[in-house]
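A.B. asks: My questions all concern the structure below.
All of the numbers you see were taken from the coordinates with simple rules; none came from a lab. As the structure is a computational prediction, the values presented were derived from the model and not from experiment. Methodologically, a virtual Cβ is constructed for each residue, glycine included, from the backbone with ideal geometry; neighbour enumeration extends over all protein chains shown.
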Amino acid sequence: MKYTGIDLHSNNCVVSVTDEEDRVIAERRVPNELPKILDLLKPWREEMAGVVVESTFNWYWLVDGLQAAGYTVQLANTTAIKKYAGLKHSGDETDARYLAHLLRLQILPRGTILPPAQRAVRDLARKRMQLVRTRTAQILAVENITARERGSRITSNQVKRLSVAAVEQLLPPEDVALAVKATVAVIGTLSAQIELIEKRLQERVGERTEYALLRSVPGIGQVLATTILLETGPIERFAAAGNLASYARCVDSVHSSNGKKKGEGNTKNGNKYLAWAFVEAANFALRYCPEAKRFYERKKTKTNNVVAIKALAHKLARACFHMLKERQPFDVARCFA
C-alpha cells in the first residue's frame, strides 16, 4: 500500500508518496494545479491507501479534486499535530512525509470534510457576519461624527434611516456632511446585501427539521439558529455533548498537576463562530427564559459576569447537542434541572 502526504501552500505544494515502511517512493514540489498533482499520483492510484492534505486556508479545490478523481482523502487537523521539538531539520518535504506517516499508523488527527454544497452555505453565513461587522463599524463612525460635531450621539436606528436631506440639516458643514453621506451610502449598500444573503440562507435552511429544533431554544432566533446549524454540521461528528461544548469554546483550557494549575492549553481550539453564537444565545436567554436567568444569577454570585455567561452558553450548547441527536425540541426542565 502507498500513502501520500501533501504540504499545501498558497501557490505550490509538496507531494510525498511513501510505502508501508515509510520509504519515499516519489516526492516533488508542484504548482497548485490539480492535473499536475493527479499525474504525479497516477502510477500508484490502485494501491493508494489514502491522501492527507493540510487543513490550510485554501484546501477546498485540492480535496474536492482528489475526491472526484477517486482518491480517499483525509484532512489533517494541523492544530492537533505535534512534532518532536528537538528535530534538527524540518521542512516542507519532512512535513509531507510526516503526514503520510501518521496516516499509515492510523493516528492522524482529522478534520471534517463537509460536502461542497454544505460548505458553500456555511461560508455564505460567514460572509453575512463579516458584512454585519463592517456595517456596524460604519454606523459607529457616523455616531462618533455627530457626537463630535453636535455634542450628542444619535442611535444606530437613526443612522440607518438617515437621508441626504437629513444629513445636510443635521450637519451643515459641507465637508462633514459629505463624509457622512458617503458613510450612509455604504451602510445602505451593506444593508441591502445583508438582506439578500439572509433571504438566501432562509431558503437553504428554513425548512430543515434541525433549524426548527434550534428555534425552540429561548434566545436562539433566525440568525443564531442558522449559524449554529451550519457551523455544527452533522451532529454525528461529535461523540458526546462535551465534544460539541469544547468545539464551541465553552469549556476551560487548563493544564494542571497535583491539583495545581501549570498553564493553559490552546484556548483558540474550536470554532469561533459557534463560540460567538452560543454566547449571544446566552445573553438573549437571560431576557426570555426565567430558568436561564436564575441559573445565571447563581453562577454570577460565585464567580463573575463573564464566567456566568460562558456557563450559560455551555448549558445551551449541551442542550443543542441532545436536541439535534434525539430530534427533540428544547426542554427547559431538563436543561436547568
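A.B. asks: May I ask you to order 27-37, 45-55 by the average number of other C-beta atoms within 10 Å around their residues, highest value first? Walk me through the numbers before you get to the answer.
C.D. replies: On the way: 27-37: 14.0, 45-55: 17.7.
So the peptides 27-37, 45-55, ranked by packing, come out 45-55, 27-37.
A.B. asks: For a distance above 19 Å, tell me the whole-number percent of Cα pairs in the range 2-111 that qualify.
C.D. replies: Numbers: 2218 of 5995 pairs.
Above the 19 Å cut-off, the range 2-111 has 37 percent of its Cα pairs.
A.B. asks: Hey, how many Å between the Cα centroid of the range 60-74 and the Cα centroid of the range 83-130?
C.D. replies: 13
A.B. asks: From the Cα gyration tensor of the range 210-335, with a ≥ b ≥ c the square roots of its eigenvalues, which class applies: rounded if a/c is under 1.5, or else prolate if a/b is larger than b/c, or else oblate?
C.D. replies: oblate
A.B. asks: Check each of the chymotrypsin sites (Phe, Trp or Tyr not before Pro) in the range 1-78 and keep only those in coil by DSSP with at most 14 other C-beta atoms within 10 angstrom; list them in order. Write out the running numbers ahead of the final one.
C.D. replies: Numbers: sites: Tyr3, Trp44, Phe57, Trp59, Tyr60, Trp61, Tyr71; in loops: Phe57, Trp59, Tyr71.
Taking the range 1-78 and a limit of 14 other Cβ atoms within 10 Å, the loop chymotrypsin sites (Phe, Trp or Tyr not before Pro) found are Phe57.
A.B. asks: What order do you get for 145-155, 10-20 when each peptide is scored by the mean count of other beta carbon atoms within 10 Å, highest first? Walk me through the numbers before you get to the answer.
C.D. replies: On the way: 145-155: 13.2, 10-20: 17.5.
Packing proxy ranking, top to bottom: 10-20, 145-155.
A.B. asks: Counting helices only, and only those DSSP H runs with n ≥ 4, report the 222 nm mean residue ellipticity of the chain as the sum of -39,500 (n - 2.57) divided by its residues, in deg cm²/dmol to the nearest 500. Show your work: numbers first, answer last.
C.D. replies: On the way: 14 runs with 191 residues, N = 337.
My calculation for the chain gives -18000 deg cm²/dmol from helical runs alone.
A.B. asks: Need one number: the % of Cα-Cα pairs in the range 116-205 sitting beyond the 19 Å mark. Provide the component values of the computation, followed by the final result.
C.D. replies: On the way: 1815 of 4005 pairs.
Summing the P(r) of the range 116-205 above 19 Å gives 45 percent of all pairs.
A.B. asks: Could you grab the Rg to Rh ratio for the chain? Cα atoms only, Kirkwood for Rh.
C.D. replies: Working: Rg = 25.2 Å, Rh = 23.7 Å.
Reported Rg/Rh (Cα atoms, Kirkwood Rh): 1.06.
A.B. asks: Then there's this: On a straight-distance basis, which lysines could pair with Lys299 in a cross-link, Cα separation under 21 angstrom, same-chain partners fewer than 8 positions away excluded?
C.D. replies: Reachable lysines: Lys310, Lys315.
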